[in-house]
Amino acid sequence: MDLSSLKPAKGSTHHEKRIGRGQGSGKGGTSTRGHKGAKSRSGYHTKIGFEGGQMPLQRRVPKFGFKNINRVEFKAINVSMLQELAERDNLTVIDPNTLIKAGLASKNDLIKILGDGVLKAKLEVKANAFSEKAKAAIEAVGGSVVVL
């Protein structure tokens with residue numbers, strides 16, 4: 001047996017329907033498109049979402065909400081995660097590169113440190129933003145906060 005002798009199992013494939021190849025084939029004449037009308041012509045195309053004249057879904061459903069173009073999206077990291085990271089890797093300084101290597105953030109993320117959890121390690125933390133609670137927790141154990 002070799003690659004040239006491989007073929008699908010018997011009965012698993014069907015022949016392509018050959019349309020528009022004369023009356024004798026049974027698929028000639030209208031070529032399975034029915035009689036007349038736009039759908040029988042070449043180049044036929046309806047608008048996306050067209051429902052035969054019924055009011056389309058995207059016009060029936062009301063618009064709502066808005067996107068704030070000035071929104072700044074931060075990647076939130078809790079103080080408890082910093083503690084785990086410091087214990088695991090024996091760190092004293094945590095900066096965005098450390099968090100990226102740990103898989104907690106990607107290189108384009110703005111990082112905000114939040115105050116959930118308990119911090120025991122004395123750390124120098126560098127990030128784009130800090131919550132009041134996180135800042136207090138880091139400074140309470142003798143650490144320092146650097147806003148980038």
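Bear in mind that the values in this text are calculations on the coordinates, not laboratory data. As the structure is a computational prediction, the values presented were derived from the model and not from experiment. Every residue, glycine among them, receives a Cβ derived from its backbone with ideal geometry; neighbour counts consider all protein chains shown.
Annotation: of all residues in region 69-83 being charged (D, E, K, R) and loosely packed, with under 15 Cβ neighbours inside 10 Å, the one that is nearest to Ile111 (Cα to Cα) is Glu73.
Within region 93-103, being in a strand (DSSP E or B) and more than 14 Å from Asn78 (Cα to Cα) holds for one residue alone: Val93. Those residues that are acidic (Asp, Glu), touching a residue at least 12 places away in the same chain (Cβ under 8 Å) and either out of contact with any Ser or Thr (no Cβ under 7 Å at 6 or more places or on another chain) or closer than 18 Å to Val147 by Cβ (or both), I need them from region 74-133; list them, please. Listed by number, the residues that qualify are Glu87, Asp89, Asp95, Asp109, Glu124, Glu132. Which residue out of Asp89, Asp95 is closer than 30 Å to Gly143 by Cβ, charged (D, E, K, R) and out of contact with any strand residue (DSSP E or B) (no Cβ under 7 Å at 6 or more places or on another chain)? On inspection, the qualifying residue turns out to be Asp89. Pick from Thr46, Thr30: which is of a type outside the set (A, V, I, L, M), touching a helix residue (DSSP H, G or I) at 6+ places or on another chain (Cβ under 8 Å) and surrounded by 10 or more Cβ atoms within 10 Å (Cβ to Cβ)? Going through Thr46, Thr30 in turn, just one is of a type outside the set (A, V, I, L, M), touching a helix residue (DSSP H, G or I) at 6+ places or on another chain (Cβ under 8 Å) and surrounded by 10 or more Cβ atoms within 10 Å (Cβ to Cβ): Thr30.
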